[in-house]
1. How long is the gain from HIS217 to ASN72 if the chain were fully straight, where each residue apart is worth 0.36 nm and the alpha carbon distance is subtracted?
2. Can you give me the pair-distance distribution of segment 138-213, C-alpha pairs, 5 Å bins, whole percents?
3. Going by how many other Cβ atoms sit within 10 Å of their own, how do ARG187, ARG192 line up, fewest first?
4. Which far-off residues, 5 or more places away or on another chain, put their amide H under 5 Å from the one on LEU164, with H placed in the peptide plane?
5. Using only alpha carbon pairs under 8 Å that are at least six residues apart, calculate the relative contact order of segment 138-213 and give it in whole percent.
Amino acid sequence: MADAAGLDYPVPQSIHLLKSIQIVALGFALGALFVRSATAQIGGTGWKPQTVSFNLQSPTNAPQSQRYFFTNNIFHCLVFSNDGAFSIGNTTKPRTEQRFNPDYTSGEIQYQATLMAPANENSYCVFQIHTGDAQSPTYGSTTFMVFWFTNYNGSIHDYSGTTLATNLGNQWWQLNVDHNLATETIRVWINRQLVWTQQDNGAGDFYFKDGVYEQSHGPSYQMDTYITNTIQEWSAPAPIPRPRPPA
């Protein structure tokens, strides 16, 4: 992870990174063990593990310890709507996010985690696939985002406003996001049900982020995301990729 100055430091021992590439999460429902197999959860074979890490981005107006918590294997990301950006001079909206390393540029990668958000909180991103920073000016900052809204008793939506799932407030739910760079395809599952398929933005460099990132759709004053997981990343054989821009 990184401290408020953006410096790397080791993630808790409960986190492993393993290159699909695929991230697998094990959930803990506030003290009750919610066990999942540490293998590729939805599709794929021949996964090979490797170690990775993440940095933390949080508002500069408050100590990191007041916006990010790790207790009983639960990561808690918190933002208030009057918080500042994550770095001095940055003009984006407030966030407390885990930024996964390294960027991925080939193969297939799948994120899996068990998340929870309050039903009465509104308008923030809980997960995103971000374009590599050098390619963002050309292809756009992100290629996929999961937005949290208070309507329908807590629901998640994509860029277009399409509702992906409802009645998720105040309960744990499993998110899987698979990105195949060979086919330029992103697929999304909620509680192991396929809910979304799309093409990516055509860039050649990406990374995952999760946590809280305020959006401009009537955000609540307080925004929380709880993430419980043992993170792993896996690599597997992939088909011959389409030509992509250099990372």
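1. 49.0 nm
2. Binned Cα distances yield the sequence 3, 13, 25, 27, 17, 9, 4, 1.
3. In order of increasing Cβ crowding within 10 Å: ARG192, ARG187.
4. It is ILE156, HIS157, ASP158, by chain and number.
5. Answer for segment 138-213 is 20 percent.
Since every read-out is calculated from the coordinates, none of them should be taken as a lab result. Bear in mind the structure is a predicted one, so any value in this text is a computation, not a measurement. In this analysis, Cβ positions are derived from the backbone assuming ideal geometry, glycine residues included, and neighbour counts consider all displayed protein chains.
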